[in-house]
Each structure stands twice: as C-alpha cells, then as structure tokens.
1. Taking only pairs six or more apart or across chains, which ones have beta-carbon atoms under 8 Å, a first residue in region 65-80 that is touching a residue at least 12 places away in the same chain (Cβ under 8 Å) and over 10 Å from VAL104 (Cα atoms), and a second residue that is surrounded by fewer than 10 Cβ atoms within 10 Å (Cβ to Cβ) and not small (Gly, Ala, Ser)?
2. Anything in region 97-113 that is at pLDDT 90 or above and under 18 Å from the mean Cα position of the chain (by Cα)? List them, or say none.
3. Assuming GLU96 fulfils every condition listed in (1) surrounded by fewer than 17 Cβ atoms within 10 Å (Cβ to Cβ); (2) out of contact with any Lys or Arg (no Cβ under 8 Å at 6 or more places or on another chain); (3) not small (Gly, Ala, Ser) apart from one, which condition is it?
4. Inside region 50-86, can you point out the residues that are surrounded by fewer than 13 Cβ atoms within 10 Å (Cβ to Cβ) and modelled with pLDDT under 90?
5. Please find, among VAL89, VAL94, VAL143, the residue that is modelled with pLDDT of 85 or more and assigned to a loop (DSSP other than H, G, I, E, B).
6. Which one is farthest from VAL58 (Cα to Cα), of the residues in region 97-129 that are in a strand (DSSP E or B) and without any contact (Cβ under 8 Å) to a residue 40 or more places away in the chain?
Amino acid sequence: MEIKNSSILIAIILVIALPATTMVVAYMLTKNPTLRPLARTLNDEAIYRGEAVAVEIVAHVRWTERRQKSFSQRELANVILRAFRAHGVAVRTVFETADSADPVSITYQVGRNKFGPLRINKAGDAVNNAIAVYRMYQMSAPVRR
C-alpha cells in the first residue's frame, strides 16, 4: 500500500513541477525571456529583440589616492550595494582613481541622468532620486502585445 501511495505522490509532484522546470532549463540555455516562467518584466522581450535599451544604475566613485584613508574601496562598494538592495534595485559601482587629496565623491548615473558629484557624507541623499528615475525608465519601456 505504501508503494502505491508513494507512486501517486511522485506522479503528482512531477505533473506540477515538470513544466516549470522544463521552462527554466530552456530559459537558461537560450536566454530568451519569453521562456522564463512567472518572472517576466515589462521590457524583457523588447531588450531581447533589441528594441529597448537596458537601463541600470551606475555609481561612479572618484577615488582619490592621497586622502586620509578611513575606509576601503570594498567597504564603500558594499555600503552602496546595500543602500540600493534595500530598495530591491541593483547597482554597479565603478571606481575612477585620481591622484589628489580631494575627498572621495560619488556620481549616480541612470540612463542619461546624473546625480552628483556628491561627497560621501551626502551620497545617501541621492539614492532615492536615482531609484525613482530608474523606475521611471522601467515604466516607460515600450510594451508590445
């Protein structure tokens, strides 16, 4: 009796999970967003077809070498990453080295929009602005049906 019940349970699990698993594998192999189950965004297909530009948030950090060091590049990159991740948004951090005693500054870029340069102690003020512009880009992406 236990073998029959186990077989029925395994059959039910396979019937439910196999289609989604197959689609995930197909997406992983082809990178075609139409094959990704239950996780499509508004402009994935347009980006895949080349009709839209993928917009990302880039934090350009002007890292000065001759300043007094109280934090490292890795620590700063982690702080920036956590600030954006708290809002559910990814950010890419790019360091530009300068031979100067000036303070470290950050410029956030979203598409053609730039916020900064800002000193480290004011960098958090522009995080919400960058996220708002990023979400506007996402909402204005063309939707084709």
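1. Listed by first residue and then by second, the contacts come to ARG66/ASP99.
2. THR107, TYR108, GLN109, VAL110
3. (2)
4. Those that are surrounded by fewer than 13 Cβ atoms within 10 Å (Cβ to Cβ) and modelled with pLDDT under 90: GLY50, GLU51, VAL53, ALA54, GLU65, ARG66, GLN68, LYS69, SER70, PHE71, SER72.
5. VAL89
6. Top of the filtered list is ALA98.
The values are calculated or read from the model by the stated rules, or taken from the named source; none is laboratory data. Every value quoted in this text rests on a predicted model; they were computed, and no experiment measured them. Here the Cβ is made from the backbone with ideal geometry for all residues, glycine too, and neighbour counts use every protein chain on show.
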